[in-house]
There are 2 protein chains.
Amino acid sequence: MDHLSQVIARINAAEAEIRTRYFEFLRIPSVSAQPQHAGDCRLAGEWLVSELKAIGFTAELRETKGHPAVVAHHPGPGTGTVPLLYYGHYDVQPAEPFDLWTSPPFEPTMKEGRNGPVTVARGAVDDKGQVMTWLAAMRAWHEVAGGPPTAIRVLVEGEEEIGSPSLDAFLQEHAAELRQARAVIVSDTNMWDPKTPAISARLRGMAYAQIDIFAASRDLHSGLYGGMALNPINLLAKILAELTDADGRIQLPGFYDGVPEIGGNLDAAWDSLGFDEKRFLGDIGLSVPAGERGLKPLVRQWARPTCDVNGIWGGYAGPGAKTVIAAEAHAKVSFRLVGDQDPNAVLDSLEEFVRSRLPADARAEIQRFSTAAPVVVPEDSPEVAAAQRALAAEYGRPAVLIGSGGSIPVVESFRRILGLDSVLVGFGLDDDQVHSPNEKFDWASLMHGARSHARLLAELAG
Amino acid sequence: MDHLSQVIARINAAEAEIRTRYFEFLRIPSVSAQPQHAGDCRLAGEWLVSELKAIGFTAELRETKGHPAVVAHHPGPGTGTVPLLYYGHYDVQPAEPFDLWTSPPFEPTMKEGRNGPVTVARGAVDDKGQVMTWLAAMRAWHEVAGGPPTAIRVLVEGEEEIGSPSLDAFLQEHAAELRQARAVIVSDTNMWDPKTPAISARLRGMAYAQIDIFAASRDLHSGLYGGMALNPINLLAKILAELTDADGRIQLPGFYDGVPEIGGNLDAAWDSLGFDEKRFLGDIGLSVPAGERGLKPLVRQWARPTCDVNGIWGGYAGPGAKTVIAAEAHAKVSFRLVGDQDPNAVLDSLEEFVRSRLPADARAEIQRFSTAAPVVVPEDSPEVAAAQRALAAEYGRPAVLIGSGGSIPVVESFRRILGLDSVLVGFGLDDDQVHSPNEKFDWASLMHGARSHARLLAELAG
């Protein structure tokens, strides 16, 4: 039996061990956005360092201005091969609202899902479960062959869910060490469907900001002051309403600069995927696509920009009636971006858009939380070809080249700072409830993912 | 020395005792809107029953469908006089946001204010402090003359701050007992300024509702679903924005039906009050009146309807960025009403306004929290004349007849159900921060109020 066959057999035999380690990782509430979880973020990083050391890596936690990053090295078979760089993130989204979870978000629980058993937990797929796929593959290679068949670098950050604020500086600081790689392997994307593997060839960018509107110096009685005092919630609603027109077109001046039209081969290729819009929307209780009118669904998801209010608050939100005019109002707003849209220019435009709509007595602050440029990765590299062979062998059908509506800002950073292209091979599904209550990861996806990564390592053997 | 002079002297001598009782009352966190304070509401009612019994009333707590009401009787000098009915409310607004209070809201604290000492606490003026003014007057009459110089009924409810949902039924049930009165005396309004007493001749009405918008069956990742999934916060913002036009005119169909123009004598009388708009707005950190354009400030406050969003929430409101499309969004919206506007018709129109703007996949619920018709009280009754004499004697200057932007729904109920007009004589000031953090009541206002009520009782002696 060749090494790969033994590695695959070893992964299949290790199912219970993989679950034990995966659950340990999921139990650490490494929510990067919430200061009270800073210690848990470090703990998740330390857990990874220990895992990597156990399978022959030199590994350590490295400080950033925020949560620490994990960096690890494995020489592979020692033949001077150019390493692969594996990237992932150990941080997770906030679990709120807790009351909508059917089991505690940091107590991973096996349940029966639509396609078989699933693990329910925050981070089940994004990104702890996906990181687990390649960790399990590397462990099996270690156990069977004493190590992976190629040199490997690992970089796992702890700030992806807050927009990777420290990562660019970190990559610059460690560029000499990290840029010596053939490509970056990233598992943080989805399959096409439970049976069809996919390689993501394009990711939308993002620009995320918080708008804070301030008016009176204190909360006011709406009877005594109503009709006299500026209401910042009414004002915020007007500003947010004007961000899009009745056809869903975003109204920031210059917003559509750099948004390409999709046509020709790409349009035909996407059509051939036979996307089931009705089922996609039906799964989330909807029936009609929102946003811009008259677009094909995959163009809408992968190749058009968006504007979503991600959160809003102000005034009284308790039970019953409180007749108050609030002193302030707040909203979190994000834009998904495509083509050559510049996230910083979008936020500049947002800032001007808000300020130009402020009446006397209103004041606004715009907090910028994260920006990421859109990315299109090359579809014809040797690494993409290797991934296509590995996935086809594992699933018995070809992998499709898809887009993703989400953003993985680091992919753009890898290209800009390290000069490296990424191979985005991920095992999530659209119904995984990523960022929502009851996030899950199909157990079959995790095991397929582990075997796929084992095969990819064989394909890319130094 | 006649009785009145002795009563006034007694009030002045009892300052410390008045404060002790007042502080006891303020320490009870009788927040009617919050279920966890239901027991405290009952406690506040029981405290009043005990106070009233101590000064010769027969008094008891009477159940309603919500918080209980206090009803008390005093026969007065026993000469078969027609009683006066005193109305107040023991419930208070929620104290949130707690972190903006400079002292705990239910720990009354004396501080130095702009016009001398003030008491800071939730309910300091609205309405516990105002109730205290007539309780102190009645106690002094009890101590000096064995009781008030006229028969008295007292009705203090515990649901005014949530729109008095049980009061109409309560008045109907006890109509035979309560309608035997000359007039209702209500202290829940403001003075013109710290030196000028006022009788309020008109109150705005109110209609208050909560709009709940529902879209997808769960929270969604804004990358995977952005551009496909309906965002209920974006939708809510658009609906709220359309409630008013750029000139501040409210856009509900039929909304302005029944709104009278203000002209002639009334316009001249209000002009003569010399309202200082600049100071009124400057006190709350503003400089320009909001809402409808081109109106005189007192017309704007007393005689025009409004639309204010009192609260809004949805999606993620924690620190940092969470890329979520929420499943639901919520707002509390209220309208102040004037003239012959019908609060139920306004809420019907709101409901239709919202429903007609819902795209496919969105669902709305409209919860109606309270309605109150606008009120204009007669300015030429013997009781108003008596109040003018009492206030002029206490303050050394005539009382002015003013409007109020706020609503006291019970005034309309008294007229409709009991056939009784009200005399609205209150001692609040515009800067009392009613319904806001750091609510206060000037100590001088409380003492003036107590003496004014003592004088009013003498004026209305059976």
Simple spin-label estimate for residue A:367/residue A:293, 7 Å along Cα→Cβ, in nm, reads 3.8 nm
Each label sits 7 Å from Cα toward the beta-carbon; between residue A:416 and residue A:143 the label points are separated, in nm, by 4.1 nm
Looks like segment B:260-301, by Cα gyration tensor root eigenvalues a ≥ b ≥ c and the a/c under 1.5 rounded cutoff (else prolate when a/b is bigger than b/c, oblate otherwise), is oblate
Amide H contacts under 5 Å for residue A:219, restricted to residues at least 5 apart in sequence or on another chain and with H modeled in the peptide plane, are A:327
If every Lys and Arg gets +1 and every Asp and Glu gets -1 at its Cβ, then about the Cα centre chain A yields a dipole, in debye to the nearest 20, of 360 debye
Put in order of increasing Cβ neighbours within 10 Å, starting from the fewest, B:395, B:256 give B:256, B:395
Distance in Å, no decimals, from the C-alpha centre of segment B:77-156 to the one of segment B:309-345 is 33 Å
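Rounded, prolate or oblate, given the Cα gyration tensor of segment B:108-215, with a/c below 1.5 counting as rounded?
Because a/c hits 1.5 or more and a/b fails to exceed b/c, segment B:108-215 counts as oblate.
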For residue A:182, other-chain or 5+-apart residues with amide H closer than 5 Å (H placed, Pro excluded) are A:84, A:85
Going residue by residue through segment B:388-394, the Karplus relation 6.51 cos²θ - 1.76 cosθ + 1.60 with θ = phi - 60° gives ³J(HN,Hα) values, rounded to whole Hz and with x marking Gly or Pro, of 5, 5, 4, 5, 4, 5, 6
The lysines whose Cα lies under 21 Å from the Cα of residue B:111, excluding any fewer than 8 residues away in the same chain, are B:128, B:195, B:440
Once the dipole of segment B:260-301 is set up from charges on Cβ (+1 Lys and Arg, -1 Asp and Glu), the residue from the list B:298, B:270, B:281 lying farthest towards its positive end is B:281
The farthest towards the positive end of the charge dipole of the protein assembly as shown, of the residues A:449, A:39, B:163, given +1 on Cβ of Lys and Arg and -1 on Cβ of Asp and Glu, is A:39
A correct Kirkwood calculation over the Cα atoms of segment A:213-286 returns a hydrodynamic radius in Å of 17.4 Å
Inter-copy distances for residue A:143, label 7 Å out on the Cα-Cβ vector, sorted ascending, nm, one decimal, are 8.7
Expected vector for segment A:288-293, Karplus 3J(HN,Hα) from phi with 6.51, -1.76, 1.60 and θ = phi - 60°, integer Hz, x for Gly and Pro, equals 10, x, 9, x, 4, 7
For A:200-211, A:226-237, ranked highest to lowest by mean beta-carbon neighbours within 10 Å, the order is A:226-237, A:200-211
Classified through the alpha carbon gyration tensor (a ≥ b ≥ c as square roots of its eigenvalues; rounded if a/c is under 1.5, else prolate when a/b is larger than b/c, else oblate), segment B:382-462 comes out oblate
Calc'd 3J(HN,Hα), segment B:65-78, phi into Karplus 6.51 cos²θ - 1.76 cosθ + 1.60 (θ = phi - 60°), Hz, glycine/Pro = x, comes to 6, x, 6, x, 10, 9, 10, 9, 10, 9, x, x, x, x
Among residues of chain B, the one whose beta-carbon sits nearest the axis that rotates B onto A, given with its distance in integer Å, is B:241, 2
Expressed as a whole number, the average count of other chain Cβ atoms within 10 Å around the Cβ atoms of B:152-164 is 1
Using alpha carbon centers only, segment A:375-414 is separated from segment B:199-263 by a whole-angstrom value of 45 Å
What the 5 Å binned alpha carbon P(r) of segment B:161-260 shows, as percent of pairs per bin from 0, is 2, 7, 10, 11, 11, 12, 13, 10, 8, 6, 5, 3, 2, 0
Given unit charges at Cβ for Lys, Arg (+) and Asp, Glu (-), the dipole magnitude of the protein assembly as shown about its Cα centre in debye, nearest 20, is 420 debye
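Among B:20, A:64, which comes first, second and so on when ranked by fewest other beta-carbon atoms within 10 Å?
Least crowded to most crowded, the residues run B:20, A:64.
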For the table A:322/B:332; A:238/B:296; A:238/A:296; A:278/B:322; B:238/B:332, the rows whose alpha-carbon distance is greater than 19 Å are A:238/B:296; A:238/A:296; A:278/B:322
Computed from the beta carbon distance with a Förster radius of 56 Å, FRET efficiency for residue B:2 and residue A:61 to the nearest 0.05 stands at 0.05
Taking the square root of 5λ for each eigenvalue of the C-alpha gyration tensor of segment A:297-388, the equivalent ellipsoid has semi-axes, largest first and in whole angstrom, of 39, 18, 11
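Based on DSSP H runs of at least 4 residues, each adding -39500 (n - 2.57), what is the mean residue ellipticity at 222 nm of chain A after dividing by all its residues, to the nearest 500 deg cm²/dmol?
Computed ellipticity for chain A at 222 nm equals -10000 deg cm²/dmol.
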Here the FRET efficiency for residue B:356 versus residue B:392, based on Cβ atoms and R0 = 35 Å and rounded to 0.05, is 0.05
Per the charge dipole of the protein assembly as shown (beta-carbon charges, Lys/Arg positive, Asp/Glu negative, Cα centre), the residue among B:93, A:191, A:12 reaching farthest to the positive end is A:12
Averaged over residues of B:298-310, the number of beta carbons from other chains lying within 10 Å of each residue's Cβ is 6
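Here, each number is a calculation from the coordinates, and none is a lab measurement. Being a predicted model, the structure only gives us computed values, none of them experimental. Cβ coordinates were reconstructed from backbone atoms using ideal geometry, including for glycine residues, and neighbour counts include every protein chain displayed.
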